[in-house]
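The values are calculated or read from the model by the stated rules, or taken from the named source; none is laboratory data. Computed from a predicted model, the values in this text were never measured in an experiment. Quick reminder, even Gly has a Cβ in these numbers, built from the backbone with ideal geometry, and neighbours come from all protein chains shown. Only protein heavy atoms, including side chains, enter the accessible area calculation; ligands, DNA and RNA are left aside. Shrake-Rupley method; radii C 1.70, N 1.55, O 1.52, S 1.80 Å.
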Amino acid sequence: KDNINIYLHEYSVDDINNAIGDLLEKEFIAPTFLYEGYLSPTALGWQKYNVEISQKLGLNGGAILTEEIPVILDDRFNQLNISPEMAENLKIRWLELLNCSEAKAYLAATVLAASIVEGLLTEKLFQNVDLAMSSSKVPCKNVNGNQEKKKISDWMLHDCINVCADINLIPKSILKHTHELRDTRNFVHPQKQLKESIVIDESLFRISKEVADTIIDWIVTCENS
């Protein structure tokens, strides 16, 4: 347990062992399979460190733990008027997006950008059910020869985007680009990517990230205006 790679000083051996035991119990750290007797942060531990610890300590990533990890430099996700659980989920996805882009994993980063947009738009639609259902863009289904509006939970992302633009939850000026992001996300399916011969490179990722940034900024501005 004493081999964990965290810089500690001015603490007794008992204090350190108790802290390590607490981290193990919460599954923030775990034994590594590569080196016997060593412990390392788990995925849950890195998330905790990224989202809370490094920011509380005012670190730029990696100042205590040796791995260099980007941190969120703004507080936008806490200004979206969404549930704390969803805000935390989107924060973690944004951090993973940054990590993927740094590693030049542009396909993964682009899929994450689309997932953040999907999660945020769906959350805002459920917060504005009456307004959303009043839109002419709401998808319908045939029930005994009659057209009935589908519940939001049954909408496709295509529908969510159209309704959000119609009720001004996203700017209409980026409606086309948001649909392009949705379509790019579908390259997570290898058959589609091979069929269309599309390479997700840095340029395409940056466009996707800009769309996600624009939507987040728009909603933050609307919430605080």
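Structure summary
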item: Given LYS137/LYS172; LYS26/LYS91; LYS150/LYS192, the pairs whose alpha carbons are separated by over 25 Å; result: LYS150/LYS192
item: Protein-only accessible surface order, largest first, of ASP154, ASP159 at 1.4 Å; result: ASP154, ASP159
item: Derived scalar couplings ³J(HN,Hα) [the stretch 169-180; Karplus, 6.51 cos²θ - 1.76 cosθ + 1.60; whole Hz; x for Gly, Pro]; result: 7, 9, x, 4, 5, 10, 4, 4, 5, 5, 5, 5
item: Inter-probe distance in nm under a simple model that places probes 7 Å from Cα toward Cβ, at THR221 and HIS189; result: 3.5
item: Label-point gap, in nm, between MET86 and LYS149 - each point 7 angstrom along Cα→Cβ; result: 1.8
item: Solvent-accessible area of LYS137 with every protein chain in place, 1.4 Å probe, in Å² to the nearest 10; result: 110
item: Fully extended contour minus Cα-Cα distance, from SER134 to ILE53, at 0.36 nm per residue; result: 24.8 nm
item: Segment ILE16-SER197, length gained on full extension (0.36 nm per residue, minus Cα span); result: 59.8 nm
item: Difference of contour (0.36 nm per residue) and Cα-Cα distance, ALA103 to MET156; result: 16.0 nm
item: 5 angstrom amide H check on LYS137, placed H, neighbours 5+ away; result: none
item: Sequence-distant residues sharing a close amide H with ILE170 (under 5 Å, placed H); result: ALA165
item: ³J(HN,Hα), Karplus 6.51/-1.76/1.60, whole Hz, each residue of the stretch 121-131, x for Gly, Pro; result: 5, 4, 4, 5, 5, 5, 6, 10, 4, 4, 5
